[in-house]
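Take a look at the structure set out below.
The values are calculated or read from the model by the stated rules, or taken from the named source; none is laboratory data. Keep in mind the model is a prediction, meaning the values are calculated, not measured. Reconstructed Cβ throughout: ideal geometry from the backbone, glycine too, with neighbour counts over all protein chains shown. Note: areas computed on protein heavy atoms with side chains; ligands, DNA, RNA excluded. Shrake-Rupley method; radii C 1.70, N 1.55, O 1.52, S 1.80 Å.
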Amino acid sequence: MVSSFIKHFEETDMDSVSEVGGKNASLGEMIQSFKGTDINIPSGFVVTATAYKYFITKTGLDKYIREQLEDLDTHNLKELENKGHSIREKIKSTSFPGDLEKAIKEAFKIAENKYGKGADFAVRSSATAEDLPGASFAGEHETFLNVRGEAGILKAIKGAMASLFTNRAISYREDKGFNHLKVYLSVGVQKMVRSDKACSGVMFTLDTETGFKDVVLINASWGLGEMIVQGEVTPDEFLVFKKTSAIIDKKLGVKVRKMVYGKEKPTEIVQTSDKEKEDFTLSDQEILTLAEWGMKIEEHYTRKNNKWTPMDTEWAKDGLDGKLYIIQARPETVHAERNLSIVKEYLRIEDGEEIVKGASVGNKISAGPARIILDPKDIHDFKKGEVLITKMTDPDWEPIMKIAAAIVTDQGGRTSHAAIVSRELGIPAIVGCKDATARIKNGEVITVDCTGEEGVVFKGQLKFEVLEHDIKDVPQTKTRIMMNIATPETAFEKSFLPNKGVGLAREEFIIASNIGIHPLAAVNYDKLPKVVKDEIDRRTLGYPDKKQFYIDKLAYGIARISTAFYPNPVIVRFSDFKTNEYRSLLGGYLFEPQEENPMIGWRGASRYYSPDFAPAFLLEIEAIKKVIGEMGLTNTAVMVPFCRTPEEGKKVIKIMNDNGLKDIKTYVMCEIPSNVLLAEQFLDVFDGMSIGSNDLTQLTMGIDRDGNEKIKGIANENNEAVKILISEVIKKCKARGKYIGICGQAPSDYPEFVEFLVKEGIDSISLNPDTVIKTTLAVHKLES
């Protein structure tokens, strides 16, 4: 019996789950499987489920627990609190049987001999039902950090065992139908990594919001990792594309605090330095190393389970030896069992007044009355169907989170407790809003929209609809159905729709939302007024070189789209802001003229070779070079908008070639009548054309596309004049064997226009994502 009380990690693997629990079994599995590789995993020992069972039966604790939990109503929060507290205190005050205590001391002595006298350990519980697909006990049980000495280890192990009966753990088991005395607990004692002197975080081998499987998502913050899980900080976020092993996104977090070893207590929370706030936690090489480890771990578990097994991993960097370590790994439980052929779309069909924004979780929309709760002791006030508004959550909030319509927090990132639990519960959440608790009124009805990367809270109950598609039922078509994508943050989710790539990836949203700075303000930073420089400094933390900030952010936005649809083509249109739109960017007023009619003014190709804008265009060229060259996203093509003459096209191509952007498919927008009339000459310059039906209609019919109410009813894209031009350009491109597609709004708005395009033999139709399925079905019918 005594020999079954303790297992060293090297003796455990995934076949040991019933004895050591999911976390500890996975640690043992990895230590054994990756021995002799470059993956570092700290070791230790496990106090087994047999030991736990022996402890509670030998001492009579099991009878006490059964009596306390008999006829428990978990919705009676007072009763839950009282009974949970009494069980925990009883466990902590009960002595271990002598033989069990002796076995723990002997195992600890071996660990101390290995790592040194006074070595620091983490003590974590691992339930035998935990971390299995379909059951996620994220943060349900206690972790004790920086535990030293024999007495400290014994006390922490007992504390971990008592945490099997926290209020939230009791509530969770009741909801999941687990028998309290049939869920056993093991306790892992693992050598700590000194991330208090460096950084730590979590890593997922998929995109946590959508289930997109071709990326590794890494979150990182300074100090011990508890700060990320508890939502105390908004961590740095890094994204790596598995197929090319390239970093495709980096976002600097808001890392104002960190957890370190304490002087009087095991740990304490301190403020980060200004340098730590402004610096990324990991180097590019460290990001790539972690991602490579994550992919190897995923491959191992996928092979073992005979099915794709994405992993949720915790890592830490030791500030003393400078090495990275994997400290935990478990199957990701939200998307692993999801049927990705069923696509649900939430569409808000009514606009409203915005209250706050933050990072969105869940790709859903929900509404309900707001309930602001700042302290978990007040959770009794919460009612089912309300929207929880709070600073941040921890596991104590779990009993009410599961009945919330949505969750909105001031603090935290996409791997905080609020985000993890919301994801599992399938409810939308917006985290890191900064001041939601101040700006939202208690009791007011709000709508929580999480359909973009930036979640928005609106006043009132706005109308929305839910569309459900099974993409297995969508047939293939001869005409390639592509998509128009403006927001990179939606690309992963939209990639699940049936498609042949992206016919129009717009740069404008990336520039306006992710950068927000006029490109010439980045180029001429040193010459700017102080007030503009100060605001640029605030927006570009971590980037002393402002041009590099612009290049990187633009490249990351494009890369996310190219990654989502890889290896299908993604046609990126160079920037097509008008002067009034460029003026709205930070510093724009210093560089942009006032134009009476910017729609037909200084835009598109005419900017790129102009001495007044060419330095800005070079930033776009560098971004594309980074996407293709550094990131390996060779499915990326480019497109030149609003090119009035073939000579303009030649000038733009020369600038691209002179600056190293060569051997790339380069298309031109067909949106001016001259593009059709001189199509042969344009096709001598470019690899093909994509019809912009909005501008082509405006310039053919003389109708303001910005929506002049007095004339907008005269004609639209279905007008015969517009169709004659489109028919002509399709024929000319086909005769030359060059690409011809359409990326304008018309096919998304007018079903009869789609019929016209198919009959004319167009190569591809690029659509708004919400019309892809119905248009594909219509095209298939037309082609049949």
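When the residues of region 425-435 are filtered to those that are out of contact with any helix residue (DSSP H, G or I) (no Cβ under 6 Å at 6 or more places or on another chain) and not in a loop (DSSP other than H, G, I, E, B), the one that is surrounded by the fewest Cβ atoms within 10 Å (Cβ to Cβ) is L425.
Here N306 meets each of (1) on the phi > 0 side of the Ramachandran plot; (2) open to solvent by 20 Å² or more (accessible area, probe 1.4 Å); (3) in contact (Cβ under 8 Å) with a residue 12 or more places away in the chain with one exception, condition (3).
Each row is one residue, and each column tells you yes or no for (1) touching a helix residue (DSSP H, G or I) at 6+ places or on another chain (Cβ under 8 Å); (2) at pLDDT 85 or above.
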| site | (1), (2) |
| --- | --- |
| G149 | no, yes |
| S163 | yes, yes |
| R173 | no, no |
| L181 | yes, no |
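Within the set S16, S26, the sole residue that is buried (at least 18 other Cβ atoms within 10 Å of the Cβ) and without any contact (Cβ under 8 Å) to a residue 24 or more places away in the chain turns out to be S16. Is one or more of the residues making up region 270-282 in a loop (DSSP other than H, G, I, E, B), open to solvent by less than 30 Å² (accessible area, probe 1.4 Å), over 19 Å from K553 (Cβ atoms) and touching a residue at least 40 places away in the same chain (Cβ under 8 Å)? The answer is yes; a qualifying residue exists. Residues in region 571-597 that are closer than 15 Å to I510 by Cβ, part of a helix (DSSP H, G or I) and either hydroxyl-bearing (S, T, Y) or touching a Cys at 6+ places or on another chain (Cβ under 7 Å) (or both): Y582 alone. Scanning region 1-13 for residues that are in contact (Cβ under 8 Å) with a residue 40 or more places away in the chain and under 33 Å from the mean Cα position of the chain (by Cα) returns a single hit, F9. When residues in region 167-192 are screened for being within 30 Å of G118 (Cα to Cα) and among the polar types (S, T, N, Q), 2 of them pass. Summed over region 636-675, residues that are in a helix (DSSP H, G or I), of a type outside the set (S, T, N, Q) and open to solvent by less than 10 Å² (accessible area, probe 1.4 Å) total 4. Quick check, is K105 within 39 Å of the chain's Cα centre (by Cα) and open to solvent by 60 Å² or more (accessible area, probe 1.4 Å)? No: the conditions fail for K105. Any chance region 397-415 includes a residue that's assigned to a helix (DSSP H, G or I), closer than 17 Å to N363 by Cβ, of a type outside the set (D, E) and in contact with a helix residue (DSSP H, G or I) (Cβ under 9 Å, 6 or more places away or on another chain)? No; the residues of region 397-415 include none that is assigned to a helix (DSSP H, G or I), closer than 17 Å to N363 by Cβ, of a type outside the set (D, E) and in contact with a helix residue (DSSP H, G or I) (Cβ under 9 Å, 6 or more places away or on another chain). For region 173-192, which positions are within 27 Å of V233 (Cα to Cα) and either of a type in the set (D, E) or open to solvent by less than 10 Å² (accessible area, probe 1.4 Å) (or both)? The answer is G188, V189, Q190. The residue that is surrounded by the fewest Cβ atoms within 10 Å (Cβ to Cβ), among those in region 520-571 that are in contact with an Asp or Glu (Cβ under 8 Å, 6 or more places away or on another chain) and of a type in the set (V, I, T), is I551. Taken as a whole, the structure leaves D612 outside the set of residues that are over 28 Å from the mean Cα position of the chain (by Cα), open to solvent by 60 Å² or more (accessible area, probe 1.4 Å) and without any contact (Cβ under 8 Å) to a residue 12 or more places away in the chain.
Quick grid of which residues meet (1) open to solvent by 20 Å² or more (accessible area, probe 1.4 Å); (2) over 21 Å from I672 (Cβ atoms):
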position	(1), (2)
I724	yes, no
I730	no, no
Y739	yes, no
Q745	yes, no
F753	no, no
E760	yes, no
S764	no, no
L767	no, yes
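Taking D749 as the residue in question, decide whether it is under 22 Å from F574 (Cα atoms) and either surrounded by 15 or more Cβ atoms within 10 Å (Cβ to Cβ) or of a type outside the set (G, A, S) (or both). In short, no.
So, I510, is that one over 25 Å from K665 (Cβ atoms), in contact (Cβ under 8 Å) with a residue 40 or more places away in the chain and of a type in the set (V, I, T) or not? No, not satisfied. What do you reckon, is I420 open to solvent by 30 Å² or more (accessible area, probe 1.4 Å) and within 22 Å of the chain's Cα centre (by Cα)? The answer is yes for I420. Among the residues of region 326-346 satisfying the criterion of being in contact (Cβ under 8 Å) with a residue 60 or more places away in the chain and open to solvent by 40 Å² or more (accessible area, probe 1.4 Å), which is nearest to A220 (Cα to Cα)? It comes out as V334.
Restricting attention to region 446-470, the residues that are more than 28 Å from N499 (Cβ to Cβ) and open to solvent by 20 Å² or more (accessible area, probe 1.4 Å) total 3. Candidates K494, K402: the one that is farther than 27 Å from V233 by Cβ and within 24 Å of the chain's Cα centre (by Cα) is K494. All of A505, A438, A491 fail the test of being outside any strand (DSSP E or B), more than 23 Å from V421 (Cβ to Cβ) and open to solvent by less than 30 Å² (accessible area, probe 1.4 Å), apart from A491. Restricting region 371-396 to residues that are among the hydrophobic types (A, V, I, L, M, F, W, C) and outside any helix (DSSP H, G or I) leaves a set whose member that is farthest from C433 (Cα to Cα) is F382. Within region 363-376, the set of residues being at pLDDT below 95, surrounded by fewer than 20 Cβ atoms within 10 Å (Cβ to Cβ) and out of contact with any helix residue (DSSP H, G or I) (no Cβ under 9 Å at 6 or more places or on another chain) comprises just one member, D375.
In a residue-by-residue description of region 697-718, the property of being closer than 26 Å to F574 by Cβ, in contact with a strand residue (DSSP E or B) (Cβ under 9 Å, 6 or more places away or on another chain) and open to solvent by 30 Å² or more (accessible area, probe 1.4 Å) applies to no position.
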